[in-house]
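Bear in mind that the values in this text are calculations on the coordinates, not laboratory data. The shown structure was predicted, so the numbers you read here are calculated from the model rather than taken from an experiment. Neighbour counts run over all protein chains shown; Cβ positions are idealised from the backbone, glycine included.
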Amino acid sequence: MNIETAPIEGLLIITSDVFKDDRGVFMETFNSQILKDYGIPELMLQDNQSISKKRVLRGLHFQAPPHAQGKLVRVISGSVLDVAVDLRKKSPTYGKWYSVLLSGENNRMFWIPEGFAHGFLALENDAIFAYKCTKLYNQESERSLNWADPDLAINWGVADPVLSEKDKIAPFFKDFISPF
């Protein structure tokens, strides 16, 4: 595994080693021994997977403490633009975002620790997105921010994504009080 730090402290881009031969492909997608050296918890409590059509945008989501989640995300098939927004009040990058292209071809994963909002835009039909979470989902702790927030100014590359009803009415950053 190749592990790179992102410009926002805590975010990591992980690229799996891929072994190909005439039978197909093998890659390791989680190794707690390697990842713990970079601060990624050894114990993940929940795995999730979604399949999205092109232009579906999911996010920006997070869970408030004490149910805040770290997420190790990857794309199995297709591609997405994956975005994390720093919600840690004492961070020098509070309110800043970082994005990475994840695809079934580039074999990248993105580590997003607690204290970040997360979202992604499917760039292809049937994009299969999978992620491991450090804590179990808790509906009462679920929060979101508006994907089109002018203060965050995230460059999604699309003006009219397909959104859930919940994401259409998510609050703006200026009205947000961070629990982190």
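Quick rundown of the values:
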item	result
Some residue of region 114-137 being over 23 Å from residue 79 (Cα atoms), surrounded by fewer than 18 Cβ atoms within 10 Å (Cβ to Cβ) and of a type in the set (D, E, K, R)	no
Residues of region 1-15 classified as in a loop (DSSP other than H, G, I, E, B), of a type outside the set (A, V, I, L, M) and closer than 18 Å to residue 41 by Cα, total	2
Of all residues in region 35-67 being part of a helix (DSSP H, G or I) and without any contact (Cβ under 8 Å) to a residue 12 or more places away in the chain, the one that is surrounded by the most Cβ atoms within 10 Å (Cβ to Cβ)	36
From the options 106, 146, residue that is polar (S, T, N, Q) and closer than 30 Å to residue 16 by Cβ	106
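Listed here are the residues, each with its yes/no results for (1) more than 27 Å from residue 44 (Cα to Cα); (2) out of contact with any helix residue (DSSP H, G or I) (no Cβ under 9 Å at 6 or more places or on another chain).
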position: 130; (1), (2): no, yes
position: 140; (1), (2): no, yes
position: 144; (1), (2): no, no
position: 149; (1), (2): yes, no
position: 166; (1), (2): no, yes
position: 174; (1), (2): yes, yes
position: 178; (1), (2): no, yes
